[in-house]
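Colleague: There's a structure below that I have some questions on.
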């Protein structure tokens, strides 16, 4: 009797463990193994549809093996910086990881909003370490009720509508990944302007409020969508910080762009809204746990890449430039000023006919004011004091301060 129930008990325990692990890790292969063991358990108790169940088991095991193979493919093992798309670690045996007790980069932080992935309101701990014991950062992210980062002291509030205002739009560089609320570029710009306005100088800007619309993993397509939304984005200056690697995001080529605004390039060189990135509709509206499981699948990502993504880099960059031109038109229509803060990509990032200089030349030809915020002649030569760590090339507080200074040098007076 014991022998008869021992195997089913083991199968049930293994299936339960795999289901739990699949939920925690959002791992599709583990989920499929759990389903397989569950079906095998069912066949041990009944002959009903046994042949059909065994066929399903063979299929789920096959798919699980494919999923595992894709997950461990050499090209997918590279540790890539999500904001440059290149491997940044010189010592591949050392890797970065988030403290399991932090609250940033968890389901409590992220949700799928109007513009794609966006933080929930609240105060979140952000702790990232290297496997050799180094601390990459240990800080706090304060997110306002609108889902954007709070800039203490200089941040925009509803009662400040009549004041001189600057909007900061961009990705995690603008957000201030790895630095405190009072170490972002937006904060430093507000602080520098405050000091200027207190100096009674004829060139000083008036009392200024700033608004940080930068979010981790975003691109210029989300900057455009924010400006086109019902949010109160009225400002004297719209500042967009960008880099060529935003092109793949605009083209929906990166898996984390799912649910973000999608645009198509028109013959005029401008863009118009065309739904959502990597969208199958029902997936975005499915329960969070199911959505997270499906979108973590390597097979699913391959299907998206083949059906819903523009993979030619030259076409991606043309779309990217089209978005920036459309932002310029939107801002000009409002009678406001647009400033693009451009950070160069590594030369080896480009695989088509474009390079940093060609992009800047096209922006200039379109009448878009662009300033070089790379802080080096080439991104490859950026000094280590301007980025957090070799494993995380996000800007340090010093880099944010220096970029704020460069931005103010180009402000209209």
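The values are calculated or read from the model by the stated rules, or taken from the named source; none is laboratory data. Note that the coordinates shown come from a computational prediction; the quantities given were computed from them, not determined experimentally. All Cβ positions, glycine included, derive from the backbone under ideal geometry; neighbour counts span all protein chains shown.
Colleague: Any residue that is buried (at least 16 other Cβ atoms within 10 Å of the Cβ), in the same structural domain as residue 363 (by TED's automatic domain parsing) and under 25 Å from the mean Cα position of the chain (by Cα) - is there at least one of those in the stretch 189-196?
Modeller: The answer is yes; a qualifying residue exists.
Colleague: Give me the residue from the stretch 117-149 that is in contact with a helix residue (DSSP H, G or I) (Cβ under 8 Å, 6 or more places away or on another chain) and touching a residue at least 60 places away in the same chain (Cβ under 8 Å) and, out of that set, surrounded by the most Cβ atoms within 10 Å (Cβ to Cβ).
Modeller: Of everything passing the filter in the stretch 117-149, 149 is surrounded by the most Cβ atoms within 10 Å (Cβ to Cβ).
Colleague: For the stretch 303-310, state whether one or more residues are within 28 Å of residue 176 (Cα to Cα), modelled with pLDDT under 95 and out of contact with any helix residue (DSSP H, G or I) (no Cβ under 8 Å at 6 or more places or on another chain).
Modeller: No, the stretch 303-310 has no match at all.
Colleague: Would you check which residues across the stretch 383-413 are in contact with a helix residue (DSSP H, G or I) (Cβ under 9 Å, 6 or more places away or on another chain), touching a residue at least 60 places away in the same chain (Cβ under 8 Å) and not in a strand (DSSP E or B) and list them?
Modeller: 390, 396, 397, 400, 401, 403, 404, 405, 407, 408, 411, listed by residue number.
Quick grid of which residues meet (1) within 22 Å of residue 369 (Cα to Cα); (2) under 14 Å from the mean Cα position of the chain (by Cα):
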| position | (1), (2) |
| --- | --- |
| 229 | no, no |
| 232 | no, no |
| 243 | yes, yes |
| 252 | no, yes |
| 261 | no, yes |
| 268 | yes, no |
| 271 | yes, no |
| 278 | no, no |
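Colleague: In the stretch 20-38, which residues are surrounded by fewer than 17 Cβ atoms within 10 Å (Cβ to Cβ), closer than 24 Å to residue 6 by Cβ and in contact with a helix residue (DSSP H, G or I) (Cβ under 8 Å, 6 or more places away or on another chain)? Steps first, please.
Modeller: The first filter runs over the stretch 20-38 and keeps only residues surrounded by fewer than 17 Cβ atoms within 10 Å (Cβ to Cβ), leaving 20-21, 23-25.
Right, trim to closer than 24 Å to residue 6 by Cβ and you get 20-21.
Of everything in the stretch 20-38, just one residue is surrounded by fewer than 17 Cβ atoms within 10 Å (Cβ to Cβ), closer than 24 Å to residue 6 by Cβ and in contact with a helix residue (DSSP H, G or I) (Cβ under 8 Å, 6 or more places away or on another chain), namely 21.
Colleague: I've got another one for you. Against the condition in contact with a strand residue (DSSP E or B) (Cβ under 8 Å, 6 or more places away or on another chain) and either assigned to a helix (DSSP H, G or I) or closer than 27 Å to residue 187 by Cα (or both), how does residue 363 come out, does it pass? Walk me through how you get there before you give the answer.
Modeller: Numbers: in contact with a strand residue (DSSP E or B) (Cβ under 8 Å, 6 or more places away or on another chain): yes; either assigned to a helix (DSSP H, G or I) or closer than 27 Å to residue 187 by Cα (or both): yes.
For residue 363, the condition - in contact with a strand residue (DSSP E or B) (Cβ under 8 Å, 6 or more places away or on another chain) and either assigned to a helix (DSSP H, G or I) or closer than 27 Å to residue 187 by Cα (or both) - is met.
Colleague: For residues that are buried (at least 21 other Cβ atoms within 10 Å of the Cβ) and part of a loop (DSSP other than H, G, I, E, B), tally how many sit in the stretch 255-273.
Modeller: 3
Colleague: Just to check your reading of the model, which residue among 375, 324, 319, 398 is in the same structural domain as residue 167 (by TED's automatic domain parsing) and at positive phi? Before you say what the answer is, go through the steps one by one.
Modeller: Numbers: 324 fails: at positive phi; 319 fails: at positive phi; 398 fails: at positive phi.
Of 375, 324, 319, 398, the one residue that is in the same structural domain as residue 167 (by TED's automatic domain parsing) and at positive phi is 375.
Colleague: Residues that are touching a helix residue (DSSP H, G or I) at 6+ places or on another chain (Cβ under 6 Å), assigned to a strand (DSSP E or B) and modelled with pLDDT of 95 or more: does the stretch 213-229 have at least one?
Modeller: Taking the stretch 213-229 as the starting set, the residues that turn out to be touching a helix residue (DSSP H, G or I) at 6+ places or on another chain (Cβ under 6 Å) are 213-217, 219-221, 224, 227.
In the following step, the residues that additionally are assigned to a strand (DSSP E or B) were identified as 213-214.
Okay, now just the ones that are also modelled with pLDDT of 95 or more, so 213-214.
Yes: one or more hits.
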